[in-house]
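Notes for the one structure printed next.
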Amino acid sequence: MGEKHHSRMAELAKTYDPKATEERWYASWLAGGYFHADEHSSGPHFAVVIPPPNVTGVLHMGHVLNNTLQDILARFHRMDGCATLWMPGTDHAGIATQNVVEKQLAKEGLTRHDLGREAFLARVWQWKEEKGGVIVRQLQRLGASCDWERERFTMDEGLSRAVREVFVRLYEKDLIYRGQRIIHWCVRCHTALADEEAVTTEGGEASSLWHIRYPAEDGGAGLVVATTRPETLLGDVGVAVHPDDTRYQALLGKQLMLPLMQRSIPVFADTLVDKEFGSGAVKVTPAHDANDFEMGQRHHLEPLCIMDSQGIITAAGGAYAGLDRFEARKRVVADLEAQGLLVKTEPHRVPVRRCYRCETIVEPALSLQWFVKMAPLAVPALAAIRDGSLRLIPDRWTGVYLHWMENIRDWCISRQLWWGHRVPVWYCDRGHEFAARTDPSLCPTCASTAIEQDPDVLDTWFSSWLWPFSTMGWPDDTATLRRFYPTDALVTAADIIFFWVARMVMAGYELLGECPFRDVYLNSIVRDGQGRKMSKSLGNSPDPIDVIDQYGADALRFTVVSIAPVGQDVRFDTERTEFGRNFANKIWNAARFALMHLEADERSPHPDPLPAGEGTVLAAAAATSLPDRWILSRLQGVIDEVRGALAAYRFNDAASALYRFTWGEVCDWYLELSKPALYGDDEAAKAGVRRTLLTVFDQTLRLLHPFMPFLTEEIWQALPMTRPTASICIAPYPLADAAQRDDAAEARIGELIAAVTAVRNIRAELGIPPSTPVTVRIAAEGGGERVRAIEGFIRTLAKASAVEVLAAERPSGEPSAVVPGLGEVFVPLRGAVDPAAVRERLEKDLGKVEKELTGVDGKLGRPDFVDKAPPDIVDKERQKAAALRERRATLEKHLAVLRAA
RNA sequence: AGGCACGUAGCUCAGGGGGAGAGCACUUCCCUGACACGGAAGGGGUCGGCGGUUCAAAUCCGCCCGUGCCUACCA
């Protein structure tokens, strides 16, 4: 510990180690209560609710992106002075959770029926307490700044009360009803599913189209129907043809003999039939197909159910009773073939719907279920998007939303499960039905005590659609609701626009008269390196926790945000995280450099660069040197860029602006430019640079904080300055200060960069090693003042022994480059290198100039261009041509000298 | 079938009517006292194809090809 003043340096390893910081800072943020949103606060506010992950869920890359974006918004607004609420919680996920526990039971050789409803539910709760919510801890690893004190669960007491209240209200308004409908039935989960939960396989699945002859009852030929589901023939009650179809006019109204079943069924006309498809004749099975059900109703045909809840053919299926639906299909086809009634079988792709939870093929089934009448609820939800009070970003999703809303169908909300909110409807022994907010003991109509509650539970989404306000205490009129509702933004994936987003909008209007959020940002879908959707079955989804362990949470966050442009899917490969890891390490090392110099001087403690408690930056007055003025000016530029990008949800643009500034300007140039002063003897110059360093780091870290919370806190806390707040989490977000914009400084440093690059380029191309000193000569435009302002920096950065301003005469036969605004930069090398190499370089330059000149002259040669293009554009081209001509002349002169020699 | 999006450097992708960009990969040089998870300098693209609008098109429009996604009552 000899160098005691460098103790902090000793702590800072050469590479950043996320493991050493992340856990510590997260704990300190929680302890500090920074994420808690105070409902009694005043001033601006910002609220966002998390799309509640399933309690059964584990973090995947989609969550990482989604929650990082929310965290960026939350942290940004929190720093920007808003009382910020990021509402967290989990979803009880009816089917998914029930499946998990049923699987567990299966290992013990039990089914839920062995336990009974009550014991089973106890078992699910037990599972939830022990194993559920892993994802919440995983979100914390990611750095999510949720208000965990408010964490909710869709089955907790408050939310259950909200669900019940909504059901009863809608029931009383006749917006909830019970009816016999064709719904999607999962024969494995044993429950009804909403339309959205029965997913169609892309492009259909390989199957066949069977053409079957149905003879006429009177012994005639009858007709041929085409079907993809021959087994449902057992439940046919008729055959439909298009009314205009000339082929079947004679058969209309006649009876056919249903094969295998020997039942007489009618032929009728319905416009739903497509003449072009198959034979133009459709077998009608009202109990097992939604369209057939419609036609059956129109033509007063009684549905005939031939399948039970497990997909087994019932007694109504005659000889086929007891067979599984697919076995029955084989047998039916075989029997038809044996009887010569199978006309042909052709390969056909069938749109098959599968259960979104277990992927079992779903069965359209006629069943008594509860529905929400959606059309009235859609009215304000449509108006909201049309009048702009609700925005979808990117807005191309608006069309998708509108289409769904305009063609909305009633929502089947009952599920034949046990895990979920139970339908709050009771039936009494005298046939009365009623909904109740609290569990009743007798029938309100007849006072009978023989009452029974509906056994079904509600669709999981029936609690999710209330999420934005149920989590804030609704139906009570709470301070939280008044302060934070409606929320500002919703960040979610587009695949749940219908399941969730659209329904929340409807619920918000129906129950609170307001849209629950203003902006809906639909984030990218994260795919694997080959563009495939990440899925468990493919095993192509990296475990984000492993990635965090390997690279750090900040690295993962920054990478994911950087590669996710608005509205485009992203491809993620674990190795891509190196991008963020490298950036984090770069920042870390830049900070080591800064801290080394900031702490090296104990005699002159640094002034606090922060005006007390404000988000503005240090007055420009302190910055005197050119590089200082430049970097502070550039800082204002990034601040505006980042703020602008965030306001437009252009997260990747914000990230890239920060990356370019931090790495490409601060590290690549400013730190290098600061070295002459820092390593020099001029104490005043040193102090100025140190102050700028401190300001730049303080401000840049704050800008970066929402993206890389851990690293920025770690470094910020190490900066030797008076901090306005205990944590960077709540430090004011930088606000650009126009007074610190300095166009002149930006121009001068721009020239410096160009000049240094030019010299380096010449060195590299001509093979002059850094150890060989060169003299740089500059034929300056308009005097040598600009050169003299930067010559010291050129000398250091270009490793030049001297920088000279040329008088009238210019060197001949030497490599050079033109730096607009500064002049022509020469690196005299005669004698030091092979003249042939110099000539080669000059010829290459000349070639480039000629090529460019040809283009520009061509443009200027067209009268249309000169006449019609805007004058400033023409002017620019003319200036370009002039400069190129001059450059060409110079190069030719140099070459002439070389060739002569 | 319809709708939407995408097709830009070897790879992954930004950009978007008047100078073709980034990261990775590649070539050459450099372990220079923040950083080799680094530095310096480079090579590489007729911006999917064909037409159109325009003084000017990678950028706007149309068609085509390819890819992906969403929606749908083709039994």
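What to note about this one:
- Only one of the numbered conditions (1) open to solvent by less than 10 Å² (accessible area, probe 1.4 Å); (2) without any contact (Cβ under 8 Å) to a residue 12 or more places away in the chain; (3) among the small types (Gly, Ala, Ser) is not met by residue A:280, and that is (2).
- All conditions but one from (1) away from RNA strand B (no atom under 12 Å from the Cβ); (2) modelled with pLDDT of 85 or more; (3) closer than 21 Å to residue A:263 by Cβ; (4) open to solvent by 10 Å² or more (accessible area, probe 1.4 Å) apply to residue A:214; the one that does not is (4).
- Among the residues examined, residue A:601 does not qualify as modelled with pLDDT under 95, away from RNA strand B (no atom under 11 Å from the Cβ) and within 27 Å of residue A:144 (Cβ to Cβ).
- Residue in the range A:675-695 that is open to solvent by 10 Å² or more (accessible area, probe 1.4 Å), within 13 Å of RNA strand B (Cβ to nearest atom) and under 39 Å from the mean Cα position of the chain (by Cα) present: no
- Residues of the range A:782-798 satisfying the condition of being modelled with pLDDT of 85 or more and not in a helix (DSSP H, G or I): A:798
- Odd one out for residue A:354 among (1) in a loop (DSSP other than H, G, I, E, B); (2) within 28 Å of residue A:405 (Cβ to Cβ): (1)
- You will find that of A:389, A:414, the residue that is crowded, with 19+ Cβ neighbours inside 10 Å and touching a residue at least 12 places away in the same chain (Cβ under 8 Å) is A:414 and no other.
- Residues that are within 46 Å of the chain's Cα centre (by Cα) and charged (D, E, K, R) were ranked within the range A:302-338; the one that is surrounded by the fewest Cβ atoms within 10 Å (Cβ to Cβ) is A:330.
- Test set (1) within 14 Å of residue A:239 (Cα to Cα); (2) away from RNA strand B (no atom under 16 Å from the Cβ) - residue A:291 fails condition number: (2)
- Residue A:100 vs. criteria under 24 Å from the mean Cα position of the chain (by Cα), farther than 19 Å from residue A:651 by Cα and either modelled with pLDDT under 90 or of a type in the set (Gly, Ala, Ser) (or both): no
- Condition met for residue A:815 (open to solvent by 10 Å² or more (accessible area, probe 1.4 Å) and under 18 Å from residue A:767 (Cβ atoms)): no
- If the condition is being away from RNA strand B (no atom under 16 Å from the Cβ) and part of a helix (DSSP H, G or I), then the range A:325-351 contributes A:327, A:330, A:331, A:334, A:335, A:337, A:338.
- Verdict on residue A:294 being modelled with pLDDT of 90 or more, open to solvent by 50 Å² or more (accessible area, probe 1.4 Å) and in a helix (DSSP H, G or I): no
- Residue within the range A:57-69 that is in contact (Cβ under 8 Å) with a residue 24 or more places away in the chain, touching a Ser or Thr at 6+ places or on another chain (Cβ under 7 Å), farther than 26 Å from residue A:38 by Cα and surrounded by 24 or more Cβ atoms within 10 Å (Cβ to Cβ) present: yes
- For first residues located in the range A:568-593 and within 20 Å of residue A:696 (Cβ to Cβ) and open to solvent by 40 Å² or more (accessible area, probe 1.4 Å), partners that are in a loop (DSSP other than H, G, I, E, B) and more than 7 Å from RNA strand B (Cβ to nearest atom) and lie 6+ apart or on another chain with Cβ distances below 6 Å form the pairs A:592/A:12.
- Of all the listed residues (A:46, A:35), the sole one being touching a residue at least 12 places away in the same chain (Cβ under 8 Å), at negative phi, surrounded by fewer than 23 Cβ atoms within 10 Å (Cβ to Cβ) and aromatic (Phe, Trp, Tyr) is A:46.
- Filter pass, residue A:822 being modelled with pLDDT of 85 or more and at negative phi: yes
- Selection status of residue A:187, within 14 Å of RNA strand B (Cβ to nearest atom) and either at positive phi or of a type in the set (A, V, I, L, M) (or both): no
- No other residue among A:250, A:281, A:221, A:226 is near RNA strand B (Cβ under 8 Å from one of its atoms) and out of contact with any helix residue (DSSP H, G or I) (no Cβ under 9 Å at 6 or more places or on another chain) apart from A:226.
- Number of the condition not met by residue A:299 [criteria: (1) open to solvent by less than 50 Å² (accessible area, probe 1.4 Å); (2) touching an Asp or Glu at 6+ places or on another chain (Cβ under 9 Å)]: (1)
- Taken over the range A:851-872, the criterion of being surrounded by 13 or more Cβ atoms within 10 Å (Cβ to Cβ) and either assigned to a helix (DSSP H, G or I) or at pLDDT below 85 (or both) is satisfied by A:852, A:853, A:855, A:856, A:857, A:859, A:860, A:865, A:866.
- Selection within the range A:744-781 - open to solvent by 30 Å² or more (accessible area, probe 1.4 Å), closer than 25 Å to residue A:626 by Cα and outside any helix (DSSP H, G or I): A:775, A:777, A:781
- Of the candidates A:322, A:311, the single residue that is in contact (Cβ under 8 Å) with a residue 12 or more places away in the chain and more than 16 Å from RNA strand B (Cβ to nearest atom) is A:311.
- Some residue of the range A:722-743 being in a helix (DSSP H, G or I), more than 21 Å from residue A:80 (Cβ to Cβ) and under 28 Å from the mean Cα position of the chain (by Cα): no
- Taken over the range A:557-596, the criterion of being modelled with pLDDT under 90, assigned to a helix (DSSP H, G or I) and within 8 Å of RNA strand B (Cβ to nearest atom) is satisfied by A:575, A:576, A:596.
- Evaluation of residue A:526 against the conditions (1) at pLDDT 90 or above; (2) surrounded by 18 or more Cβ atoms within 10 Å (Cβ to Cβ); (3) within 13 Å of RNA strand B (Cβ to nearest atom) shows that the sole unmet condition is (1).
- Residues being within 16 Å of RNA strand B (Cβ to nearest atom) and surrounded by 15 or more Cβ atoms within 10 Å (Cβ to Cβ) - total across the range A:372-381: 2
- Residue list for the range A:883-901, filter: more than 20 Å from residue A:834 (Cβ to Cβ) and open to solvent by 50 Å² or more (accessible area, probe 1.4 Å): A:883, A:885, A:886, A:888, A:889, A:892, A:893
- Members of the range A:453-477 that are out of contact with any helix residue (DSSP H, G or I) (no Cβ under 8 Å at 6 or more places or on another chain) and open to solvent by less than 30 Å² (accessible area, probe 1.4 Å): A:454, A:456
The values are calculated or read from the model by the stated rules, or taken from the named source; none is laboratory data. Only a predicted model underlies this, so the values are computations on that prediction, with no experimental measurement involved. Glycine gets a Cβ as well: all are built from the backbone with ideal geometry, and neighbour counts include every protein chain shown. Quick note on the areas: whole protein, heavy atoms, side chains included, nothing else; ligands and nucleic acids left out. Shrake-Rupley method; radii C 1.70, N 1.55, O 1.52, S 1.80 Å.
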